[in-house]
Amino acid sequence: MDSSEKQRRKQRANAIRILAMDAVQAANSGHPGMPMGMADIAEVLWRDFLQHDPSDPQWPNRDRFVLSNGHGSMLLYALLHLTGYDLNLSDLKAFRQLHSRTPGHPEYGETPGVETTTGPLGQGLGHAVGMALGAQLLANTYNKPEFSIIDHYVYCFVGDGCLMEGISHEVSALAGTLGLGRLIAFWDDNRISIDGPVDNWFTDNTAERFRAYGWHVIDNIDGHDPAQIHAAILLAQQTQDKPSLLCCRTTIGYGAPNVAGHESVHGSPLGAQEIAATRQALGWPDDTAFYVPDSLYAEWNARSKGAEIKSRWHQRFSAYKVAYPALAKTLTQRLSGELPERWHQSLDNLMQDFEKTLPSIATRKASQQVLSALVSHIPALLGGSADLSESNLTLCPTQHQVIYPHQLQGNYLHYGVREFGMNAIMCGLSLYGGFIPYGGTFLTFADYGRNALRLAAMMKQRVIFVYSHDSIGLGEDGPTHQPIEHVGMLRLTPGLMVWRPADALETAVAWSQALQTAGPSALLLTRQSCPALPRATSQVTAIERGAYCLWESNNKPVQALIMGTGSETLLALNAGKILDEKGYGVRVIAMPCWERFEAQSEAYRESIIPSEIIVRTFVEASASEGLMRWVGLSGKVVGLRQYGFSAPASQVFTALGVTVEAVVTATLAQLEAIG
């Protein structure tokens, strides 16, 4: 690479720096340091290697680019703008402003070309691992010797903060074990974080750490030398049996003469004086804000190149469809996100069996039976568990092709004890397309993966979180394993459908609805057996509406409502029958999914929970505070306000006052109070 080429590359990288510092300055908010520091790496990657079409950001075989250190979002926005995506200069000028397409951190669905929402450090790396896993699984399933239909790379930028977060260990260790050879990560080794130089708190030997994971590591790369960067990427691409980490030494805020290399440039505007000095230091030809010469725009524009790459792929895929029509049809269907025709047939048969036999089984066991009816009919289903397959019952007999290292074929993945990593990888799989991932752990361990679940909800991804051992009903494992506040925490998550089924039939409906929901769902399942609840056909069809009348007194006006979820629905039913025998008119309401019930019409909601009936009791073995919304100020909650005990389940329920007698007493007190 001669000096003139290096100089031209530097000017292209400087265009990123100029746009980044100007946008942050205009917003008076943001992070200019990382975009300025990683601009040279981005220039080489996006100009020389990245296979993408700015006019069609969703074509299937594009390379994926993930900015895990998402605070440096102006790096990505500048790249998208310069290469020809539908992101114009006015969008950059509106950086971090209300309703702009350039929010403070990259947000999936807001900006064309943004593959995932990033910002919570380390999670972008987890998403990239999920994308690389998805790519390898589809390639191994659908590629043929004469047709490489899926053959792209997943590139990910990570910073020191990403690698300090514990999730980086979880996902990187698994990526190395699985040998995800088309994942290439770039470490922005600038040795600076918000609090200053990281030498006092981040002294890991990162290169050796990743080698121990089984990664291919290239270290000591000068992150401002395009020749070194180019050579390193070529070497990484040649390593197909393991992921690669490129350790790039950079200077944060590169080009700013007075603040480069200092923590002040990490998260603050440079200021007018420093921006002027930076333009001079970079030899920029104009001091107008957001100015980029037309010649550089022409060199950056990737529309023609991208269209040609995509066209060649479509020609290849057209020939593939002729040679392998069935595979092509299945792949196209999976990538579209559609469920196969007649996917529901086996599930319908199972639900009819549940109605006939009325099984008394744990809902986790019912879930396993549902999965057995589904997995062979929905190729996109990819299951897994955080080392609790035998407890969550997320692995069923028909999933005989379990994924093992370097084979990467099958429909079930052992994530190991990595709840946070599992959730992030599932997000990546869903974002990649072609997969409906589900993964299991105990409900109490939802805390470990909470932030990744939050991003799945934010991005409206169809990820199914399976949480077994959903209450104090797990008994002897004691308070560390008995979830108390977790049900409420999940219900507080916007966009998450939380299903807590009462028996086998409700479990089947919960799975059916989760598969058809354009967003994430959580299935909360019991360890203990739950007797089948008697229902009429109309009640069965009402389950999917989130709440329905399970039982009601005959020939009596309704005076009281008793509501329940999960295994405690039976307590509500038994309490209602006792009160009925005492002469009161009672309606028992099963509420497997609050969110689905809230989405129903006002008329339906009123038909189930009439506003004029103020005697209301809710029973659920979870924190009581969230349950008050359904009973009002005068109603009663039979729930929990403390942690549990280690004892058989029935003894724990009794000791904590979650009993039929408590429900009867709470309801009677209200009835007597109103005369």
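The values are calculated or read from the model by the stated rules, or taken from the named source; none is laboratory data. Since the structure is predicted, the reported quantities are computational estimates derived from the model, not experimental observations. As a convention, Cβ positions derive from the backbone with ideal geometry for all residues, glycine included, and neighbour counts pool all protein chains shown. The area values use the complete protein model at the heavy-atom level, side chains included, leaving out ligands, DNA and RNA. Shrake-Rupley method; radii C 1.70, N 1.55, O 1.52, S 1.80 Å.
Once the Cβ-Cβ distance between residue 407 and residue 1 is put in as r, and R0 is 30 Å, what FRET efficiency do you end up with, to the nearest 0.05?
So, using R0 = 30 Å, E works out to roughly 0.15.
Counting only DSSP beta bridges with both residues in the chain, tell me the antiparallel percent, nearest 5.
15
I need the shape label for the stretch 530-651. Rule: rounded when a/c is under 1.5, else prolate if a/b > b/c, else oblate, with a, b, c from the alpha carbon gyration tensor.
rounded
Kindly express, to the nearest 10 degrees and within the range 0 to 90, the angle between helix 123-142's C-alpha long axis and the longest C-alpha principal axis of the chain.
90
So how tilted is helix 226-237 from the main axis of the chain? Cα-based, degrees 0 to 90, rounded to 10.
50
Could you compute how much accessible surface residue 595 exposes when probed at 1.4 Å, giving the result in Å² to the nearest 10?
For residue 595, the solvent-accessible surface is approximately 30 Å².
D for the stretch 271-387, whole µm²/s, Stokes-Einstein with Kirkwood Rh over alpha-carbon pairs at 20 °C and 1.002 mPa s: what number?
Rounded to a whole number, D works out at 103 µm²/s.
With a ≥ b ≥ c the root eigenvalues of the C-alpha gyration tensor of the stretch 3-139, is it rounded (a/c under 1.5), prolate (a/b larger than b/c) or oblate?
Oblate, since a/c reaches 1.5 and b/c is not below a/b.
Residue 144: which lysines have alpha carbons under 21 Å from its alpha carbon, excluding same-chain residues fewer than 8 sequence positions away?
310, 321, 329
For residue 6, give me every one of the aspartates and glutamates with a C-alpha distance below 13 angstrom, ignoring sequence neighbours fewer than eight places off in its own chain.
Qualifying aspartates and glutamates at Cα under 13 Å: 40, 43, 225.
For the stretch 169-260, give me the percentage of DSSP beta bridges that are antiparallel, rounded to the nearest 5 percent.
Roughly 15 percent of the beta bridges in the stretch 169-260 run antiparallel, per DSSP.
Taking square-rooted eigenvalues a ≥ b ≥ c of the alpha carbon gyration tensor, is the stretch 144-200 rounded, prolate or oblate, where a/c under 1.5 means rounded and, failing that, a/b exceeding b/c means prolate?
Note, shape of the stretch 144-200 comes out prolate.
List the lysines whose Cα lies under 24 Å from the Cα of residue 356, skipping any in the same chain that are fewer than 8 positions away.
Within reach: 365, 577.
Helix 569-581 against the longest principal axis of the chain: what's the angle in degrees, Cα atoms only, rounded to the nearest 10?
Around 30 degrees separate the two axes.
Please list, in order along the stretch 57-67, the HN-Hα scalar couplings obtained from phi with the Karplus expression 6.51 cos²θ - 1.76 cosθ + 1.60 (θ = phi - 60°), rounded to whole Hz, x for Gly and Pro.
x, 10, 5, x, 9, 5, 5, 9, 10, 10, 9
Over the Cα atoms of the chain, what radius of gyration and what Dmax do you get, in Å?
In Å, with Rg to one decimal and Dmax whole: 28.0, 95.
Of the heavy-atom accessible surface of the chain (probe 1.4 angstrom), what whole percent is carbon and sulfur?
Reported share for carbon and sulfur atoms: 50 percent.
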